[in-house]
Protein chains: 2
Amino acid sequence: MEVTRLNFGEIIPELENDITSSHFLAIDGEFTGLHTGQDFNAFDTPQQYYAKLRSGGMDFLLVQLGLCTFRYNKDTGQFTHKAYNFYVFPRPFSRSAPDPRFLCQSSSLDFLVSQGFDFNKLFKEGIPYLTEAEEKKLREQLEEKQKARANSSSSKNEDSSASIPIPEEHTELIEDVCVRINDFLSNDEQDELILDGYNGFVRKLIYQTVGERFDSRSMHVETRAIDNHNRALVVTRALSDEDRKKKEEERQEQEKKELDTAVGVSSVIRMISQSGKLIIGHNMLLDICHILHQFCTPLPESYSEFKELVTFMFPRILDTKYMSCMDPFKDQISSTVLGHLHKTLSGEPFELVNVAPAVEGRGYASAEEKAHEAGYDAYLTGVCFLTLANYLGSLEEPAKKPVLPNSPLLRPYINRLHLMRVQDVTFIDLTGEDAEPPRDHVFHVTFPKEWKTYDLTQLFSPFGSVYVSWLTEASAYVGLHRRDQAQLVLNTLTQSDTYSVERYTEHVKRIKQTQRQCRCHRSSHSSQIYSPRATSQQRKKRSLEVQLTSTVQPLSSSYNSARKRSRSFGDFSIHSIEPIPEEETEAEDSKSGKGTVAAVAGGLAKVKRKKGKQGATAMFLAAANISTGKRKQEFEECDSWE
Amino acid sequence: MEVTRLNFGEIIPELENDITSSHFLAIDGEFTGLHTGQDFNAFDTPQQYYAKLRSGGMDFLLVQLGLCTFRYNKDTGQFTHKAYNFYVFPRPFSRSAPDPRFLCQSSSLDFLVSQGFDFNKLFKEGIPYLTEAEEKKLREQLEEKQKARANSSSSKNEDSSASIPIPEEHTELIEDVCVRINDFLSNDEQDELILDGYNGFVRKLIYQTVGERFDSRSMHVETRAIDNHNRALVVTRALSDEDRKKKEEERQEQEKKELDTAVGVSSVIRMISQSGKLIIGHNMLLDICHILHQFCTPLPESYSEFKELVTFMFPRILDTKYMSCMDPFKDQISSTVLGHLHKTLSGEPFELVNVAPAVEGRGYASAEEKAHEAGYDAYLTGVCFLTLANYLGSLEEPAKKPVLPNSPLLRPYINRLHLMRVQDVTFIDLTGEDAEPPRDHVFHVTFPKEWKTYDLTQLFSPFGSVYVSWLTEASAYVGLHRRDQAQLVLNTLTQSDTYSVERYTEHVKRIKQTQRQCRCHRSSHSSQIYSPRATSQQRKKRSLEVQLTSTVQPLSSSYNSARKRSRSFGDFSIHSIEPIPEEETEAEDSKSGKGTVAAVAGGLAKVKRKKGKQGATAMFLAAANISTGKRKQEFEECDSWE
């Protein structure tokens, strides 16, 4: 069901009950954009990846939260579900409420609107939210304001020494207003007198004059927004002390209610958190990051604190994308895009679990085509999860069915978040140390900025095929397909005036040293530096700054060398995070420089290149040594195949 | 009329004709937001103001461009008008097209949607645009791509040495696909074969295998986005050489057309520019900045270059807000908010000019209430302009009517852009030097960060009332109402351990020196630094950085002192640029610190303050010496009046 601020209050009790009585939950989010164009690198560590995600993606807004509750009925042996689609928009509820600025990515909005997303409804009826810190601050402010009001109503402003002299051209107008107020007060025909069409200065003069000439016990003046948000003065007759007190109480009640309402979606997240239920998502790192950042607390700079925060808020998480990329599924599933996964799980050897709506009209049927509506995607994710879980059960001796969310069979998949686009680390381990696969076969190479991937593959051709991951115009990581050639590379390629080759590990070590010597530089840069209109060069520069502030990221002197050349081919693209739709490739920022490598996670590089003077296009494939069965699902392609 | 990408192509000839045959044009824009929260200061110079506008406002998007053409008919002695509302949205037209990220301000979206603005239409049917540089780059890229295609079709990729070994688990799948392709090719039943549900890696393997096993002259494989943007492989039979050539020609034609279409709104701006017509706007600085930045070329860093750019693109501009704030209007017009202005001009002594639509359905009637639809506001602005102009004519001996756009009577108002919120400089002079009013009576004061405005007014109380304009938590500009007291202040207040008082001019001079010594710091900061989720403290810091890079902005050592205290009252607000709706006050960023001054342009400071331990609220007014008749229209108020 759709939840907006119009029915949010109503559904809360029902929602609370659904969450509490559920056996697990599935979530999904829709965003106004995905990434600012900052480049992820195939050899990012999870920590670096997080740093880039935090600095480059959190300025977008989660605008739809899908929540699907799943409940197991022992008697029928069946699950039922209930799905909620929350429209999320931080409309400021008062003049002192936060008025967030957020980023949009044009292609993401285009995508959402093409999927039928209703932005008018979003901006009109979206539910607000407050982080805990924002809520606390607003509650304190409100308390102060109410106290101040209580005091001011009993005292009077004595200090009129600094009042403004009324400019000559306004004396007539002010006198006229006083006559109108007198008229208003001397008969009971109207309930209020609206003084409209004056600018702030004139209104101020009126306030001042009224304060001087009229008894504040007999009347009351306030500013009110009228048609088209223009502001007018409204004069009303004074109330008796009792009425005044009553009105103030009502006002306080109203203010408190407004603030409670403003907590909005954040209260749903708190409910989910407090329930401690297993939470399922598909490729859910970005969802989790946004949910925490937007509704709870800004993402911490520290990666370990981030892990702590996630497990503190959501003690049990399962990512179906991670699960389906792992044994025993990886050989059975040729695409882990949610729609594809669902299709694959609908056939042999799987047995798609049928999950009916708990209540008519509050859920979906699998056959529905509502992809990219957050609630539907959450529902689909839950169905996929149950099917995967049951498949695990079917492999047991004796077979187990159903496999419930607390089954030990699920343990290997709990609290591991699928990591896109990193070559050799497939997940973030929320409760342990991340994998640190050996990178002896990876080299940091610097070279003339005229070089293209072809030149690199040529350079390394004696040692077999390579995986190239660009860093700057004049540097890249190069991974060998044949690891046993690593020493030979070092023996052969180290001496040259044109290029330099250094082991990945050595390079990282040197960078750490440079960083220690470079604290001053680091401290002068905030980690959240961003401008939507920044050129790719500026972005690259900033990306470097972010890299500098994370711990393990390499920095070579070449990073600071000229990066002025921005010549690029439309065909080349650098892919970052997960593009919409899901893993499918969207061209990203072809401005990012010359023929850069497009492939990232599949252990493969594929580039296109202008061939000599004829401008002929040729393909160059460079196969790497990464287990193709493992990450191949995310292999990307570029236009050159079309 | 509404113009979207659906009818944009059609209306172009008509539009071109309307612009060419018009006697003047009026424009207006609607934006996704106004300012990032960076504080403008009442003592900003126009140059500083521009620097802040450029760094803080240009990341928002102009989403609706209103254009109203006005034509004078000699025979009837009447003007007619035609109004256009362009929906503007940079939907990427291809994978290599720009995919802009832009900022939104929640309150601005809320405002627009409350005025009936249709965001679904915007994102679905908005017209794209390209700056000249973007267009040039895309044309070059397209040319290269087409050349490369021409060459590649005659050559063949010989290099298959680096092909990927097919993983065991995929051999069956690949073989199966080959059988399906063979079947497809061996009979004519289908026009194409769609291979769906494979991830990028598998698709890559298929490409590779097809290249090895099938004759490329007999078939063609391409990737195509199908339902929900997922990608599939599509196999078709090969074409004859002639058909292939024809298809390629069609493709090139299509690509060129796509690119032409993508220039969109920018071509309208070029038309307007080339027409050289007088362009009218109301409070049009922001409109002009956005139009140039978004559709033509990024705003230059240099203020003088900005002025040159504006006059180069639009040689004759008139700002009705500036005009109505000046003689002989300023005493007649108590509010220059567009709606108020129109109302005022509808009564004595003015004679509202009636401007009928040139064509039924292509314009407005004055009585319509379509405020904040860009086309309507442009229309209203044009009507106000004509009315103001005729009033000028009525003061002549003998009276002149009508006053046409080329009348010498308008000269004093041409190429002057109204400047909001600056105390003593009312406009930007596009073709001359900006005013530099004496600021002998203004002081830069530093003090303990616990101080509030009350403490400052107390400190200066012996010298009369003051205008306080906050800079940081511990510094402010203080302007004297009585200029003759300036020397006395310097004699009396200079010696203290608690605070320091320095002449504005001295302070500015010192800052310039500091800046010269501080080039290293400056060079390490881009002028476009921004994060929407930045705290007010971070924003303040950045604002300082921007100040540093502009020329005349003061910087005291106190700027770098602790600014950690973020305690604030909800009642206090700092206002920046022009809030929606127009000059009317919207609370802005109450996070910006303690009880800061709210008043800016009216020559008045008004603050609210927690009074001692009782927490009582008191008003403190500090009247300044600025000509109240001049800028009072923009005086702002804060909640304390309510």
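Numbers below:
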{"read-out": "Flag for A:GLY382 being within 22 Å of A:MET420 (Cβ to Cβ) and in contact with a Cys (Cβ under 6 Å, 6 or more places away or on another chain)", "value": "yes"}
{"read-out": "Boolean, A:ASN151 is of a type in the set (S, T, N, Q), open to solvent by less than 30 Å² (accessible area, probe 1.4 Å), free of Cβ contacts under 8 Å to residues at least 24 places away in the same chain and in a helix (DSSP H, G or I)", "value": "no"}
{"read-out": "Residue satisfying all of: in the stretch B:68-97; surrounded by fewer than 22 Cβ atoms within 10 Å (Cβ to Cβ) and at the interface with chain A (Cβ under 8 Å from one of its Cβ atoms); farthest from B:LYS145 (Cα to Cα) among these", "value": "B:PRO92"}
{"read-out": "Total residues in the stretch B:107-134, condition open to solvent by less than 10 Å² (accessible area, probe 1.4 Å) and either in a loop (DSSP other than H, G, I, E, B) or more than 27 Å from A:PRO92 (Cβ to Cβ) (or both)", "value": "4"}
{"read-out": "Any hit, the stretch A:154-175, residues being at the interface with another protein chain (Cβ under 10 Å from one of its Cβ atoms), at pLDDT 95 or above, open to solvent by less than 80 Å² (accessible area, probe 1.4 Å) and in a helix (DSSP H, G or I)", "value": "no"}
{"read-out": "Criterion (of a type in the set (Ser, Thr, Tyr) and touching a strand residue (DSSP E or B) at 6+ places or on another chain (Cβ under 7 Å)) met by exactly one of B:THR223, B:THR261", "value": "B:THR223"}
{"read-out": "Odd one out for A:TYR129, checked against (1) in contact with a Cys (Cβ under 9 Å, 6 or more places away or on another chain); (2) modelled with pLDDT of 95 or more; (3) not basic (Lys, Arg)", "value": "(1)"}
{"read-out": "Every residue from the stretch A:342-369 that is within 11 Å of A:LEU380 (Cβ to Cβ), at the interface with another protein chain (Cβ under 10 Å from one of its Cβ atoms) and not acidic (Asp, Glu)", "value": "A:LYS343"}
{"read-out": "The stretch B:132-153, subset modelled with pLDDT under 85 and in contact with an Asp or Glu (Cβ under 9 Å, 6 or more places away or on another chain), residue nearest to the other protein chains (Cβ to nearest Cβ)", "value": "B:ALA148"}
{"read-out": "Scope the stretch B:12-51; condition open to solvent by 10 Å² or more (accessible area, probe 1.4 Å), in contact (Cβ under 8 Å) with a residue 40 or more places away in the chain and more than 24 Å from the chain's Cα centre (by Cα); matching residues", "value": "B:ILE12, B:GLU16, B:ASP18, B:THR20, B:SER21, B:HIS23"}
{"read-out": "Any pair with Cβ under 9 angstrom, 6 or more apart, that starts in the stretch B:218-235 at a residue that is on the phi > 0 side of the Ramachandran plot and ends at one that is at pLDDT below 80 and open to solvent by 60 Å² or more (accessible area, probe 1.4 Å)", "value": "B:ASN228/A:GLU369; B:HIS229/A:GLU586"}
{"read-out": "Cross-chain or 6+ apart pairs with Cβ under 7 Å, the stretch B:105-120 first and assigned by TED's automatic domain parsing to the domain that holds B:GLY37 and closer than 20 Å to B:MET58 by Cα, then open to solvent by 10 Å² or more (accessible area, probe 1.4 Å) and part of a strand (DSSP E or B)", "value": "B:GLN105/A:ARG101; B:SER108/B:PHE31; B:LEU112/B:GLU30"}
{"read-out": "B:LEU456 vs. criteria part of a strand (DSSP E or B) and open to solvent by less than 10 Å² (accessible area, probe 1.4 Å)", "value": "no"}
{"read-out": "Conditions (1) within 22 Å of A:GLN47 (Cα to Cα); (2) touching a residue at least 12 places away in the same chain (Cβ under 8 Å); (3) open to solvent by less than 40 Å² (accessible area, probe 1.4 Å); number of the one not met by A:LEU480", "value": "(1)"}
{"read-out": "Matching residues, the stretch A:393-422, being farther than 21 Å from A:PRO315 by Cα and buried (at least 20 other Cβ atoms within 10 Å of the Cβ)", "value": "A:MET420, A:ARG421, A:VAL422"}
{"read-out": "Checklist (1) without any contact (Cβ under 8 Å) to a residue 24 or more places away in the chain; (2) in contact with a strand residue (DSSP E or B) (Cβ under 7 Å, 6 or more places away or on another chain) applied to A:ASN7, failing item", "value": "(2)"}
{"read-out": "For A:PRO448: the one exception among (1) more than 25 Å from A:TYR49 (Cα to Cα); (2) at pLDDT 90 or above; (3) in the same structural domain as A:PHE40 (by TED's automatic domain parsing)", "value": "(3)"}
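Listed here are the residues, each with its yes/no results for (1) assigned to a helix (DSSP H, G or I); (2) modelled with pLDDT under 95; (3) surrounded by fewer than 16 Cβ atoms within 10 Å (Cβ to Cβ); (4) over 24 Å from the mean Cα position of the chain (by Cα).
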site: B:GLU258; (1), (2), (3), (4): yes, yes, yes, yes
site: B:SER273; (1), (2), (3), (4): yes, no, no, no
site: B:GLN294; (1), (2), (3), (4): yes, no, no, no
site: B:LEU309; (1), (2), (3), (4): yes, no, no, no
site: B:MET323; (1), (2), (3), (4): yes, no, no, no
site: B:GLY339; (1), (2), (3), (4): yes, yes, no, no
site: B:HIS342; (1), (2), (3), (4): yes, yes, no, yes
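One line per residue, one yes/no per condition, for (1) within 14 Å of chain A (Cβ to nearest Cβ); (2) more than 30 Å from A:GLY339 (Cα to Cα); (3) touching a helix residue (DSSP H, G or I) at 6+ places or on another chain (Cβ under 7 Å):
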site: B:LEU205; (1), (2), (3): yes, no, yes
site: B:THR209; (1), (2), (3): yes, no, yes
site: B:VAL221; (1), (2), (3): yes, no, yes
site: B:ARG231; (1), (2), (3): yes, no, no
site: B:LEU239; (1), (2), (3): no, yes, yes
site: B:GLU253; (1), (2), (3): no, yes, no
site: B:GLU258; (1), (2), (3): yes, yes, no
site: B:VAL263; (1), (2), (3): no, yes, yes
site: B:ARG270; (1), (2), (3): no, yes, no
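The values are calculated or read from the model by the stated rules, or taken from the named source; none is laboratory data. Everything numeric here is computed off the predicted structure, so don't read it as measured data. All Cβ positions, even for glycine, are placed from backbone atoms using ideal geometry, and neighbour counts span all protein chains on display. Areas reflect the complete protein model, heavy atoms only, side chains present, ligands, DNA and RNA absent. Shrake-Rupley method; radii C 1.70, N 1.55, O 1.52, S 1.80 Å.
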